[in-house]
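Participant: One structure follows; several queries about it will come next.
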Amino acid sequence: MSRSITTLELEDRKVGKSLYNYQHGAIEKIFKCFEDAPEDYHLLYQLPTGGGKTVIFSEIVRQFLKHHDTKVLVMTHRIELCKQTSRMLTEFNVVNKVVDSKANLEDQDQYSCFVAMVETLNNRLNEDKLDISNIGLVIIDEAHYNSFTKLFKFFEKSFILGVTATPLSSNIKLPMKDNYNELIVGESIESLIKNKFLARAEIYSYNVGLTSLVVGANGDYTVKSSEDLYNNFDMLSKLLHAYEEQSKGKKTLIFNNGIHTSQYVYETFRAAGYPIAHLDNTNSKKERKKILKWFKDTPDAILTSVSILTTGFDEPTVESIILNRATKSLTLYYQMIGRGSRILKDKDTFTVIDLGNNLHRFGPWGSELDWQRIFRSPNFYLDTLLNDEDIESNFKYEMPDELRAEFSNSEEVYLDINEVYTESIRNGESSKVVLSRSIEHHAMLCIENSEDVYDALELAKKLGDDIDHRINRYSKCICKSTFNFIEWLKEDYRKKLRTYLRKNFDVLFEEIHGKPAE
């Protein structure tokens, strides 16, 4: 670049939105980098969702066009982002054109800036319908998506600026360091929260067994395996319970991995009497607009969707985010939670309910991450993430308060299966005694809190989650964890618990209570 852009020039601007100090600083850093770099330099800029990336690069476009006799191209991956970006550029007095399927060479001279989706632009360029010989600056929004890289060959002599909240490629085989020379890290989430630019997330994580999930070719959990897990009655009940416990009455977004799951969620909440709508990519533009208006205007609205609202959607009044899915994608994790981070006059916190062990996998949203290291060594970062088995090995079953009240006569309801297993091995006993002792412990809990054997058998039915947890812990101890074997163990355990209660209730009741059962 021929000259620097000073802070004074930025403050003199009378159009568009006001910039904050950290945004001024980011713009100066970016321009300084381009001034010192060769003309084909590729720069990546990171800033959290809600930090104002579009505002920053719109001002960059305005200043670039003011001082250079070349044009600018802004690329996005979704049509909604194209339109939003075009509107923001217009606010900054940048005359721009959205490149659609009908774009041609005839009116290009009237515009100094173009906004385009990747596929549309690729088609137009390959058909020679656009002239890009005078593009001096290319800006790539949501740069972590890899669809942009195929277009780099058309801009070998242009400055390229990629912007993203998470500088980690969506395809681990195509790391961002291979396409960008340098990363500039912007303001952190914690700093934006402290300075009242973002709301703070209050995260509640509910332990979920994910070992049945399958990882697909894209590196994330498949829709089918996710729907097999999240469509079942237990998970839908857990979702509803979590909502009622932490988010009832709050405007809530629910993210799912699969349309069928979202539809089941819709039916579950609707049957419970809550105001809810479902949205996915099969809805028409008219339906989408109507649903989003309803969501905006309804204070306690619930909107269940299938990741369609992770980018290009901004509704500051969202008070609660529910991750009704697991993901291996750090980017998706941050995008989903970021939908609730917009701050308002009467909103400086928001609720996050995690039903996919994502908190255990990635850490709290806004925790300190070394983005430079992640950018330079993405494989190292991904290899340090805990897998599902490791995460679940640290779980301790906690009986829900409502159920715990039914076992109020028992001082302690938890049994550490790992500890029982270790003790049995030290004593030279068979590992099978672990399950026998667990059944005896469960039976004592039921008898302590019952008046007769029928009460005890009813209580035993309510111990399903605890039984499943104990069996899963046991299977890890004995290193035998095929799906069929574990399912058989769970069913066999329940049968033996019922049998034990019927045979031993009267004797144990009298020992515990000092009197015969009625």
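Participant: Could you give the length gained by full extension between Val95 and Val214, i.e. 0.36 nm per residue of separation minus their alpha carbon distance, to one decimal place?
Facilitator: Using 0.36 nm per residue and subtracting the Cα-Cα distance, I get 38.1 nm.
Participant: Give me P(r) over region 21-126, computed from all C-alpha to C-alpha distances, binned every 5 Å, as integer percentages.
Facilitator: Final binned percentages: 2, 11, 21, 23, 22, 14, 6, 1, 0.
Participant: In nm, give the distance between the simple-model label positions of Arg426 and Thr298, each being 7 Å from the Cα along the Cα-to-Cβ direction.
Facilitator: Going by the 7 Å Cα→Cβ label model, 5.7 nm.
Participant: Kindly provide the helix-only [θ] at 222 nm of the chain, computed as the sum of -39,500 (n - 2.57) over DSSP H runs of four or more divided by all residues, to the nearest 500 deg cm²/dmol?
Facilitator: Value at 222 nm, helices only, nearest 500: -13500 deg cm²/dmol.
Participant: Dividing the Cα radius of gyration by the Kirkwood radius, what Rg/Rh value follows for region 337-450?
Facilitator: 1.14
Participant: Where both residues lie in the chain, what percent of DSSP beta bridges are antiparallel, nearest 5?
Facilitator: DSSP beta bridges in the chain are roughly 5 percent antiparallel.
Participant: Take every Cα pair under 8 Å in the chain that's 6+ residues apart, average their separations, divide by the length, and report that relative contact order as a whole percent.
Facilitator: This gives 13 percent for the chain.
Participant: Compute the label zone of Lys345 within region 182-202: residues whose backbone N is under 16 Å from the point 7 Å along Cα-to-Cβ.
Facilitator: Backbone N within reach: none found.
Participant: Please give, to one decimal in nm, the separation of the simple spin-label points placed at Phe395 and Lys150, each 7 Å out from Cα toward the Cβ.
Facilitator: Calculated label separation equals 4.0 nm.
Participant: At what distance in angstrom do the alpha carbon centres of region 315-362 and region 433-449 lie from each other?
Facilitator: When both Cα centres are located, 39 Å separates them.
Participant: Taking a spot 7 Å from the Cα of Ile478 along the direction of its beta carbon, which residues of region 398-425 have an amide N less than 18 Å from it?
Facilitator: What the label zone holds, given the 18 Å backbone N cut-off, is 416-425.
Participant: Computed over the Cα atoms, what is the radius of gyration of region 7-187 divided by 2.2 N^0.38 Å, N being its residue count?
Facilitator: For region 7-187, the normalised Cα radius of gyration comes out at 0.96.
Participant: Cut-off is 10 Å between beta-carbons; in what order do Tyr414, Tyr493, Tyr41 appear when sorted fewest neighbours first?
Facilitator: Going from sparsest to densest Cβ surroundings: Tyr414, Tyr41, Tyr493.
Participant: Quick one: if you stick a label point 7 Å off each Cα along the C-beta vector at Leu385 and Ser436, how many nm between them?
Facilitator: For the pair Leu385/Ser436, the computed spacing is 4.4 nm.
Participant: Is there a quick way to get the dipole size of the chain? I mean about its Cα centre, with the Cβ of Lys and Arg at +1 and of Asp and Glu at -1; what is the value in debye to the nearest 20? Each step should come with its number before you reach the end.
Facilitator: Details: 66 positive and 78 negative charges, 320 e Å.
For the chain, the charge dipole is close to 1540 debye.
Participant: Decide, for region 219-374, between rounded, prolate and oblate: order the square roots of the alpha carbon gyration tensor eigenvalues as a ≥ b ≥ c, take rounded if a/c falls under 1.5, and otherwise choose prolate if a/b is larger than b/c, else oblate.
Facilitator: rounded
Participant: A further question on this structure: Let me know the shape class of region 391-513, please: from the alpha-carbon gyration tensor, a ≥ b ≥ c as square roots of the eigenvalues, rounded when a/c is under 1.5, otherwise prolate if a/b is greater than b/c, or oblate.
Facilitator: On the way: a/c = 1.71, a/b = 1.51, b/c = 1.13.
Taking the square roots of the gyration eigenvalues as a ≥ b ≥ c, region 391-513 is prolate.
None of the figures in this text is laboratory data; all of them are computed from the coordinates on show. For clarity, every value in this text was computed on a predicted model and none was experimentally measured. Don't worry about glycine lacking a Cβ; one is built from the backbone with ideal geometry, like all the others, and counts go over all protein chains shown.
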